[in-house]
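Since the structure comes first, as structure tokens, the remarks are kept for the end.
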Amino acid sequence: MTVLDTLIPFAQTGRIGAARIGAQLKNVTDALGEPWAHGSSIGADGLPYLYAYGSLEVAICQAHCQVIESIAIQTDLPTMEWPTRELVRMETFPGYPTYGDVLRTLGQAGCRWEEYEPLTLEGQCAIRVPASDVIFVFTIEDVEEPQLCNASVAQHRPHTCG
């Protein structure tokens, strides 16, 4: 398995298994077990709102409902850790995919992309997959070829906790 084996289905659908925008955190924990780590920021319910399974991170509503509002894959690590369907095991693979590799693989998968100007800033560039709203951010500082930092999707409209 490579990081691109994970990123391309994510780019096509905006979801990773049970992790999708609008799903409950419980759906993810039912599928993957308890998170391996969580953020230190606390929501209104007193619980953290960032949960991680190695390189996979989900952020939930900061109020009470625990609805997933964003999903990110951190790729700027020498070795990425990835949960498997077997809860006691994880996969590892090299991080730092390059701009060329990502674009080539998206093209081979028939996945259309476009430059994403809002996150193309000094030191980084970004592309967006219109079909899923997944955004790929690449660092361009101190590297021969841009390297992928993360891929993410986020809810664009605030939801009402029910």
The chain - accessible surface per residue (Å², probe 1.4 Å) = 54
Once you treat every alpha carbon in segment 1-83 as an equal point and sum by Debye, what is log10 I(q)/I(0) at q = 0.17, 0.19 Å⁻¹?
-> -0.66, -0.81
Viscosity 1.567 mPa s, 4 °C: Kirkwood-radius Stokes-Einstein D of segment 74-162 over Cα pairs, µm²/s = 88
Long-range amide H partners of Tyr116 with built H, under 5 Å = Ala126, Ile127, Arg128
What percentage of the solvent-accessible surface of the chain, computed with a 1.4 Å probe over protein heavy atoms, is contributed by carbon and sulfur atoms?
-> 50
Dipole magnitude (debye, nearest 20) for segment 21-162, charges at Cβ of Lys, Arg, Asp, Glu = 580
Which net charge results for the neighbourhood of Thr13, defined as the other residues with beta-carbon distances under 11 angstrom from its beta-carbon, given Lys and Arg at +1 and Asp and Glu at -1?
-> +1
Give the angle, between 0 and 90 degrees and rounded to the nearest 10, that separates the Cα long axis of helix 99-108 from the longest principal axis of the Cα atoms of the chain.
-> 80
In nm², what is the average projected area of the convex hull enclosing the Cα atoms of the chain?
-> 9.9
Cα-centred dipole magnitude for segment 66-146, charges only on beta-carbon of K, R (+1) and D, E (-1), debye, nearest 20 | 460
Pop a pseudo-label 7 angstrom from the Cα along the beta-carbon direction at both Tyr116 and Ile140 and give the gap in nm to one decimal.
-> 1.6
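The values are calculated or read from the model by the stated rules, or taken from the named source; none is laboratory data. This is a predicted model, so every value here is computed, not measured. For neighbour counting, all protein chains shown are included, and Cβ atoms are generated from backbone atoms with ideal geometry for every residue, glycine included. These area figures cover heavy atoms from the full protein model, side chains too; ligands, DNA and RNA do not enter into them. Shrake-Rupley method; radii C 1.70, N 1.55, O 1.52, S 1.80 Å.
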